[in-house]
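Contents: one structure, followed by commentary.
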Amino acid sequence: MKTAKDLQASFGQRKPNPQEVALLHKLRHQDVEHLLQKDVITINGILGLDWGGRFAIANRHFDKCDDDAKHALLHDQHHAVRAAASLFKPPVKLARVGAVALAIMDGKPNIGTLNGVKSLEGIEEMIISTHPFAVLEAAEKFISGFEDDNTQFGVGELLAQLRACINPIR
């Protein structure tokens, strides 16, 4: 099976076309998901990834890496991978929207709000609508389109910061 690292190497110095970029992202996702099936991420797993895959591990799963893999990510040749690894913070467990809504409802089928009488589902919708989660994810998705653009500076660091904000919410 072809990996994202193999595909990326095949581009050489040329810029990939949109179909190749889509395939690269798909392969990268598969590579990372395959690695996440293991209990511990080792240096051998890290070495099999392209820089984007290493970035994904450093940004979201650094705590699952053994010491050698952590060292490799912290000293990676790509600045975005190093930044993500150094900025990683383990996800904070937040209460799920449903649990918060249940606590607000306190066993009542409906409660009055400034926006009228709401059921449990209505309270959940209100909580979700006031959270910047969707905006953060939209910004992350847009900016990630510039990850492979060598003319854009600071994209990796900005994405690392955005993803650090999004991770505790997920």
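The values are calculated or read from the model by the stated rules, or taken from the named source; none is laboratory data. Quick caveat, the model's predicted, so the values are computed rather than measured. As a convention, Cβ positions derive from the backbone with ideal geometry for all residues, glycine included, and neighbour counts pool all protein chains shown. The protein model used for the area step is the full one, side chains on, heavy atoms only, and it has no ligands, DNA or RNA in it. Shrake-Rupley method; radii C 1.70, N 1.55, O 1.52, S 1.80 Å.
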Here FRET efficiency (C-beta to C-beta, VAL117 to GLU157, R₀ 35 Å, nearest 0.05) is 0.15
If every Lys and Arg gets +1 and every Asp and Glu gets -1 at its Cβ, then about the Cα centre segment 16-170 yields a dipole, in debye to the nearest 20, of 420 debye
Result: in segment 7-114 the number of Lys pairs with C-alpha under 24 Å apart, spaced 8 or more or on different chains, is 11
Per GNM of the chain with C-alpha springs under 10 angstrom, the most fluctuating residue out of SER86, SER129, SER144 is SER129
Of 108-115, 148-155, 69-76, ordering from highest average Cβ density within 10 Å down gives 69-76, 148-155, 108-115
Between ALA22 and GLU147, Cβ-based FRET efficiency (R0 22 Å, step 0.05) works out to 0.95
Partner aspartates and glutamates whose C-alpha sits under 15 Å from that of LYS2, ignoring same-chain residues fewer than 8 away, are GLU20, ASP31, GLU33, ASP50
With the 8 Å Cα cutoff and a minimum separation of six or more residues, segment 11-124 has a relative contact order in percent of 17 percent
With the 1.4 Å probe rolled over protein heavy atoms, segment 1-150 has an accessible area per residue in Å² of 64 Å²
Each label sits 7 Å from Cα toward the beta-carbon; between HIS29 and GLU140 the label points are separated, in nm, by 1.4 nm
note: the chain, Cα-Cα separations exceeding 21 Å make up a percent value of 57 percent
Over the chain, the sum of -39500 (n - 2.57) across DSSP H runs of at least four, divided by residue number and rounded to 500 deg cm²/dmol, gives at 222 nm -17500 deg cm²/dmol
GNM on the chain, Cα springs under 10 Å; top mean-square fluctuation among LYS64, LYS15, LYS89 goes to LYS15
Placing +1 on each Lys and Arg Cβ and -1 on each Asp and Glu Cβ in segment 57-150, then taking the dipole about the Cα centre, the residue among GLY122, HIS71, PRO109 whose Cα reaches farthest towards the positive end is PRO109
Share of accessible surface on carbon and sulfur in the chain, whole %, 1.4 Å probe and ligands ignored, is 59 percent
Within the set GLY107, GLY98, GLY52, GNM on the chain using Cα springs under 10 Å gives the largest fluctuation to GLY107
